[in-house]
Amino acid sequence: MRQAMRKPTTVGDVLLYEYLEPLGLKINDLAEMLNVHRNSVSALVNNNRKLTTEMAFRLSVAFDTSVEFWLNLQSNVDVWEVENDARTQEELSRVVKAESFLAEKDHHEVA
């Protein structure tokens, strides 16, 4: 298990500190720009909701960025969370590789 020192920057933090604050925009303004409900933007900015692909497209249009920019931010956080969650790591340790599963299956069918 590879562990990062700190959690990667979230989409919400990038929105707040790199876009909303510097541009003097409020959550309501961004919701209007994106043509979505204020609660959707608020949950995203406050890190209570994960970025969807559709929202990444909306943000890319609004801020003239790539869709990948936003999706990569979310992906980095998602990967970090899995790598740093002990319960998930325990569950992953019990996943069987296809090669091993098939070899065991063949062994039982022959016997």
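Just so it is clear, none of the values below were taken in a lab; they were calculated from the coordinates. Please read these numbers as outputs of a predicted model, since none were measured by experiment. Cβ: placed from backbone, ideal geometry, glycine included. Neighbour counts: every protein chain shown.
Tally time: how many residues in the range 42-54 are assigned to a helix (DSSP H, G or I) and surrounded by 14 or more Cβ atoms within 10 Å (Cβ to Cβ)? Write out each step before concluding.
Residues of the range 42-54 that are assigned to a helix (DSSP H, G or I), as a first pass: 42-45, 53-54.
Add one more test, that the residue is surrounded by 14 or more Cβ atoms within 10 Å (Cβ to Cβ), and what stays is 42-45.
So the count comes out to 4.
Name the one entry in ASN76, ASN84, ASN47, ASN72 that is touching a Gly at 6+ places or on another chain (Cβ under 6 Å) and among the polar types (S, T, N, Q). Spell out the reasoning first.
Details: ASN76 fails: touching a Gly at 6+ places or on another chain (Cβ under 6 Å); ASN84 fails: touching a Gly at 6+ places or on another chain (Cβ under 6 Å); ASN72 fails: touching a Gly at 6+ places or on another chain (Cβ under 6 Å).
Going through ASN76, ASN84, ASN47, ASN72 in turn, just one is touching a Gly at 6+ places or on another chain (Cβ under 6 Å) and among the polar types (S, T, N, Q): ASN47.
Run PHE57 past the list (1) within 26 Å of MET5 (Cβ to Cβ); (2) part of a helix (DSSP H, G or I); (3) not β-branched (Val, Ile, Thr) and report the number of the one that doesn't hold.
PHE57 satisfies every listed condition except (1).
Return the residues of the range 69-111 that are among the polar types (S, T, N, Q) and not in a loop (DSSP other than H, G, I, E, B); say none if nothing qualifies.
So the first thing to find is which residues in the range 69-111 are among the polar types (S, T, N, Q), and the list is 72, 74-76, 84, 88-89, 93, 100.
Within the range 69-111, ASN72, GLN74, SER75, ASN76, THR88, GLN89, SER93, SER100 qualify.
Please state which of the following conditions MET33 fails to meet, knowing it meets all the rest: (1) without any contact (Cβ under 8 Å) to a residue 60 or more places away in the chain; (2) under 29 Å from ASP85 (Cα atoms).
(2)
Tell me which of these GLU91 doesn't satisfy, since it passes every other one: (1) acidic (Asp, Glu); (2) surrounded by 13 or more Cβ atoms within 10 Å (Cβ to Cβ); (3) without any contact (Cβ under 8 Å) to a residue 12 or more places away in the chain.
Every condition holds for GLU91 apart from (2).
Look at THR65 and say whether it is β-branched (Val, Ile, Thr) and closer than 18 Å to TYR17 by Cβ. Step through it out loud before you land on a result.
Numbers: β-branched (Val, Ile, Thr): yes; closer than 18 Å to TYR17 by Cβ: yes.
In short, yes.
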